[in-house]
Amino acid sequence: MAPDYEVTYTSGATSLLRFYFEAEQDTTLIIMAPSGEWVCDDDAYFPDPSIDFEDPATGVYDIWVGSYAVGTVHAGTLSVTELSRNHP
């Protein structure tokens, strides 16, 4: 299955790359990092998922947004930031 989002990132001077998804409903995030590592989160900022990469690698981050109801898609906003003060 193709990812919902694909982010191409070039690492630089920052040591943080954060992804978070804000929606009216409870959602999950699944990210495949450029290294091939899979990272998942449900409620880092209840009920919104958030995933941090410390010293993020350059490359493509494939991102899937999930829900708890099979076949259900929830509208929301994916945010990508290098600033630790930005979160849901």
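Some notes on this structure:
- Annotation note: chymotrypsin sites (Phe, Trp or Tyr not before Pro) in segment 40-85 located in DSSP loop regions with a Cβ neighbour count of at most 12 within 10 Å are TYR68.
- Across the chain, the longest piece that holds none of the GluC sites (Glu not before Pro) lying in DSSP loops with up to 12 other C-beta atoms within 10 Å covers 38-88.
- Environment charge of PRO56, counting only residues whose C-beta is closer than 10 Å and scoring Lys/Arg +1, Asp/Glu -1: -3
- Spin-label proximity, ALA69 to segment 14-36 - amide N less than 14 Å from point 7 Å beyond Cα toward beta carbon: 24-27
- Length gained when the stretch THR77-ASP52 is fully extended (0.36 nm per residue, less Cα-Cα span): 7.3 nm
- Across segment 16-24, rounded Karplus estimates of 3J(HN,Hα) from the backbone phi angles (6.51 cos²θ - 1.76 cosθ + 1.60, θ = phi - 60°) give 9, 10, 10, 10, 8, 10, 10, 8, 5 Hz, Gly and Pro being marked x.
Read-outs throughout are calculated quantities, based only on the coordinates presented, and are distinct from any laboratory measurement. Being a predicted model, the structure only gives us computed values, none of them experimental. FYI the Cβ positions are ideal-geometry reconstructions off the backbone, even for glycines, and counts take in every protein chain you see.
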